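Student: My structure is below; once you've seen it, I'll send some questions.
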Amino acid sequence: MPRFLPAALATLLWIAASTASQAQVAIYRFDFEKEGPSINYGFYEEAWVVADAAGGPASWVLMFREGAHRRYIVVEDFGSLFFPNKGRTVVGVISAAAASGTPQTTFLAIGEVEQSVKAGNVTVKVPTEMKGYALSADDESEVPFTSNEGDVGYAGISTMKGSLQVTRTADANSRNQSVEDALAEVEAYVKRRGYTEFVVAATNDQQQQQGQQQQQQQQANP
């Protein structure tokens, strides 16, 4: 597994907040390929994004290699799908950024709307294909490396290429699934492919903040 991934995953988990929404869903599969200059950089090999097809929060299943093992992580309510327009031109955008703390990671993919997605009596149009970039960097100044590891800091860029999973999307909408329901089925599919969930231990700061939140909740609800 690339060295930066545990820190990256911890950041994603910390900013994520789980939500459930009853709406049409759009399900995309993305592939990543390294592009341009980079140093000490490794990245995800595949991602699945489940979003409200009419626009709204997106949830992700991010997949990567850890040595000989295949791992995944689920990040709910991370970024969104939205639809900028200029005159008659409308595009769909999936954007997500973990920019607080380190590392800084940004995902951005764009595609012209052309595929109809129907749920109940409502039909919306979403992109069939999406392209974009993922950027990640960290000076790793706060990471406690040992002196013999030597290499510190990383930076790199990957291209993103995604496609609407038409059959899976139609099936989810025919069964009135929420984003949360469809995400659970994608996760089950990833597990059947031999991926296991990667669990990130909370940092000391995160544990302290979680403890403070629990204490505040207890004081508010004696």
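Student: Filter region 162-177 down to the residues that are in contact (Cβ under 8 Å) with a residue 60 or more places away in the chain and in a helix (DSSP H, G or I), then identify the one that is farthest from Glu33 (Cα to Cα).
Tutor: Checking each candidate, the answer is Asn173.
Student: If you take the residues of region 116-130 that are buried (at least 19 other Cβ atoms within 10 Å of the Cβ) and under 22 Å from the mean Cα position of the chain (by Cα), which of them is nearest to Val25 (Cα to Cα)?
Tutor: So the residue we want is Val117.
Student: Taking the residues in region 1-51 that are assigned to a strand (DSSP E or B) and among the hydroxyl-bearing types (Ser, Thr, Tyr) as candidates, determine which candidate is modelled with the highest pLDDT.
Tutor: Looking at the filtered set, the residue picked out is Tyr28.
Student: Among (1) in contact (Cβ under 8 Å) with a residue 24 or more places away in the chain; (2) buried (at least 17 other Cβ atoms within 10 Å of the Cβ); (3) closer than 23 Å to Ser158 by Cβ, which single condition is Val93 missing?
Tutor: (1)
The values are calculated or read from the model by the stated rules, or taken from the named source; none is laboratory data. Keep in mind that this is a model prediction, so the values were computed, not measured. So basically every Cβ, Gly included, is an ideal-geometry build from the backbone, and we count neighbours across all protein chains shown.
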